[in-house]
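Okay, so here's the structure we're looking at.
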There are 2 protein chains.
Amino acid sequence: MSMSFELKQIGTIRTPYTDNAPYQPINNDKGEFRIVIDSAYAEGLHELDLFHYIYVIYYMHRIKRKESITVIPPWTGDMKVGLFASRAPVRPNPIGLSIVRVKRIINNEIFTSGLDVIDGTPLLDIKPYIKDLDSKCDANYGWIEKLEDREHLSLHIKGIPHDY
Amino acid sequence: MSMSFELKQIGTIRTPYTDNAPYQPINNDKGEFRIVIDSAYAEGLHELDLFHYIYVIYYMHRIKRKESITVIPPWTGDMKVGLFASRAPVRPNPIGLSIVRVKRIINNEIFTSGLDVIDGTPLLDIKPYIKDLDSKCDANYGWIEKLEDREHLSLHIKGIPHDY
């Protein structure tokens, strides 16, 4: 028996991207990246600025297409992988997850490093990114390791600009 | 203007915890941990087993209390932090996020390392945990670093059993 759940917007993400966002966060991207949390929740940010990184969880409100169960990720040639083995934004539940650096918090606003979302994206949650608990330094690249063009793809993953 | 969004259950998480779950995933916990995805999505798991780690995103359906904007996390004495600087399960949107190891995938079932959720928890999404993109090895402990009992707390964070 499947259920459905109602979630609510608790803030809004402001970015320079009005139409297309990058595939992943770009650390040094130009422009201002700001999470504006509803002022009723401002006190909930207390001590959050002590963390280097935070998780930002949001609702990808601009996604209108229906998901495919398998996808061909960008830059992979024609490799097909399962939707859940990808970070494609078109998913059964359009929940986005990004890790960003906290620069500063002023009242109900968190200024961050580059966020890979379109301006106006509704915020669902923020969680601290905690050393050891979240930083799995023995993680791997999964199916990306099978690609010939892996080095090139890793530049995209790391958000490093390049010309080829 | 705040909006609300409907999300749907896409599977069910099976764990040995019928009433109380641990605060964090325990890597070597006893019992079987299994994510059963609706069979319509089984093909979406293709190549997911190549990743060491995955994100599991779920709806904490057993949470009935209303959230507090500030919380006193366990084992911290009386330190009060903002809700969003904590991983407390009682949040405006009860979205849970856990990182677990993939052991094997058989049809529509993912067998994992210890998952810190109650048996029967509805699944919302699965994403691959990708090296570099997600493993921030310069992450820190935030406000936890201010605690005198930090070493002890880090055992809890890492899910290491101890008697004191």
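Read-outs: derived from the displayed coordinates by stated rules, not from any lab. The model shown is predicted, which means the values in this text are computed figures rather than measured ones. As a convention, Cβ positions derive from the backbone with ideal geometry for all residues, glycine included, and neighbour counts pool all protein chains shown.
Note on the stretch A:1-13: residues that are assigned to a loop (DSSP other than H, G, I, E, B) and at the interface with chain B (Cβ under 8 Å from one of its Cβ atoms) total 4.
Residues in the stretch B:14-48 that are under 25 Å from B:K131 (Cβ atoms), more than 7 Å from chain A (Cβ to nearest Cβ) and surrounded by 19 or more Cβ atoms within 10 Å (Cβ to Cβ): B:P25, B:F33, B:I35, B:I37.
Of everything in the stretch B:45-62, what is in contact (Cβ under 8 Å) with a residue 24 or more places away in the chain and in contact with a Phe, Trp or Tyr (Cβ under 9 Å, 6 or more places away or on another chain)? Give them in sequence order.
B:L45, B:L48, B:F51, B:H52, B:Y53, B:I54, B:Y55, B:Y59, B:H61
Taking the listed residues B:D125, B:D116, B:D138, the one that is within 14 Å of the chain's Cα centre (by Cα) and within 10 Å of chain A (Cβ to nearest Cβ) is B:D125, with no other qualifying. Tallying residues that are among the polar types (S, T, N, Q) and over 14 Å from B:L45 (Cβ atoms) within the stretch B:84-128 yields 5. Looking across the stretch A:145-157 at every residue that is touching a residue at least 60 places away in the same chain (Cβ under 8 Å) and within 11 Å of chain B (Cβ to nearest Cβ), the one that is surrounded by the fewest Cβ atoms within 10 Å (Cβ to Cβ) is identified as A:K146. Kindly indicate whether any position in the stretch B:79-90 is surrounded by 22 or more Cβ atoms within 10 Å (Cβ to Cβ) and of a type in the set (V, I, T). The answer is yes; a qualifying residue exists. Restricting the first member to the stretch B:85-105 and to residues that are more than 10 Å from every other protein chain (Cβ to nearest Cβ), and the second to residues that are among the acidic types (D, E), the beta-carbon pairs closer than 7 Å and six or more apart or on different chains are B:V90/B:E67; B:R104/B:D49.
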